[in-house]
Structure formats: structure tokens, C-alpha cells
Amino acid sequence: MKELYKLDNWLLADSMFVLWGNVYDNPKFRDGDFIHTSELKGWDVENQAVITRNSRYILGEPSASYEKQYPDAKNRLIAVLEKMENES
């Protein structure tokens, strides 16, 4: 099972389909370090987490500027990831 971490203050980099944000509970980083994930692969319904190549991330709140530009960003991202899961 892939490790489970938290990503807060996140935003989606559409061109690479990765998330940038502050990571927590990941022993490779200090809590709050700004990182990017590997490419998003799907949605883990049981844990309510984004799935990447190596990890899973519980999403905290998106960054305020990203949410302003893309209202309801979290639910919109989840919908896209769920659709990916259903198509695979």
C-alpha cells in the first residue's frame, strides 16, 4: 500500500497534472515543506486521498489564490480523478 500524507495549501499544475503544496507527515520532508507530487493517477475513495505514482495525499484546503481562480477546486479535482478511476 502506498504511503499516506497530507497536502495543504495546494494547487494543480495542469500542464504536468501534479499538485504543489505544503506536505505533512512525510518523513522525507519537514512538515510544511512546499513540494510537488508525481503525476496524479486517481482517487482513493476509502481514504479520500489523491493517488500518485508513489504516494497518496489527503487534500487539505487549496491555496486561496487557486480557489479564487477555480472555485470549488477540491471537488472539481476529485470529480476528474474519480472519472479517471472509472475509465481505467
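We did not get these values from a lab; they are worked out from the coordinates using the rules stated. What you see is a predicted model; the values in this text were computed from it and never measured. Cβ placement follows ideal geometry from the backbone for every residue including glycine, while neighbour counts extend to all protein chains displayed.
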Per DSSP, loop trypsin sites (Lys or Arg not before Pro) in the range 1-77 with at most 12 further Cβ within 10 Å: 28, 30, 53
- prompt: Charges only on Cβ, +1 for Lys and Arg, -1 for Asp and Glu: so what's the dipole of the chain about the Cα centre, in debye to the nearest 20?
  reply: 160
message: Under 12 Å from a point placed 7 Å out from the Cα of residue 33 along the Cα-to-Cβ direction: which residues of the range 48-71 have their backbone N that close?
response: none
message: What does the net charge come to around residue 18 if you take all other residues with beta carbon closer than 12 Å to its beta carbon, with K and R at +1 and D and E at -1?
response: 0
- prompt: So which GluC sites (Glu not before Pro) in the chain pass both tests, a DSSP loop state and at most 13 other Cβ atoms within 10 Å of the Cβ?
  reply: 39, 46
message: Counting pairwise Cα distances across the chain, what percent come out greater than 15 angstrom?
response: 55
- prompt: What number, rounded to the nearest 500 deg cm²/dmol, is the helix-based mean residue ellipticity at 222 nm of the chain, given -39500 (n - 2.57) per DSSP H run of at least four residues and division by all its residues?
  reply: -7000 deg cm²/dmol
message: Between residue 3 and residue 85, what is 0.36 nm times their sequence separation minus the Cα-Cα distance? Round to one decimal in nm.
response: 27.6 nm
